[in-house]
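Below is one structure; the comments refer to it alone.
The values are calculated or read from the model by the stated rules, or taken from the named source; none is laboratory data. Here the structure is a predicted model, which is why all the values come from computation and not from measurement. With ideal geometry, Cβ positions are generated from the backbone for all residues, glycine too; neighbour counts draw on all protein chains shown.
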């Protein structure tokens with residue numbers, strides 16, 4: 001019986017794992033966040049963004065980048081925690 005359950009469950013679990021991986025990669029796109037940091041710096045240097053707004057946005061993006069890197073690391077170790 002366990003063999004039959006394993007035959008039916010394994011493909012389903014494999015699909016769920018692939019969907020989870022894609023979702024995490026899409027949600028926590030490290031390269032996009034790094035690009036946003038570069039854009040933020042460029043806008044500040046060109047004078048199109050105030051220093052206060054630049055620092056605020058930089059802090060937001062650094063926090064987002066930290067979370068994304070942690071999520072990617074957890075994905076590699078297969079131990080993602082869902083927090084509400």
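Kindly list, by first and then second residue, each pair from a residue in region 58-84 that is over 16 Å from residue 25 (Cβ atoms) to a residue that is modelled with pLDDT under 80, limited to pairs with Cβ atoms under 9 Å and residues at least 6 apart or on different chains.
If the second residue must be modelled with pLDDT under 80, no pairs are left.
For residue 18, work out the one condition from (1) surrounded by 10 or more Cβ atoms within 10 Å (Cβ to Cβ); (2) at positive phi it doesn't fulfil.
(2)
So that you can scan it fast, the table gives a plain yes or no per residue for (1) at pLDDT below 80; (2) touching a strand residue (DSSP E or B) at 6+ places or on another chain (Cβ under 8 Å); (3) not in a helix (DSSP H, G or I):
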| site | (1), (2), (3) |
| --- | --- |
| 6 | yes, no, no |
| 15 | no, no, no |
| 26 | yes, no, no |
| 32 | no, no, no |
| 37 | no, no, no |
| 53 | no, no, no |
| 72 | no, no, no |
| 75 | yes, no, no |
| 82 | yes, no, yes |
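List pairs: first in region 15-43 and farther than 19 Å from residue 70 by Cβ, second in a helix (DSSP H, G or I), Cβ under 8 Å, 6+ apart or cross-chain?
Partner pairs satisfying both residue conditions: 40/54; 40/57; 40/58; 40/61; 41/54; 41/58; 43/54.
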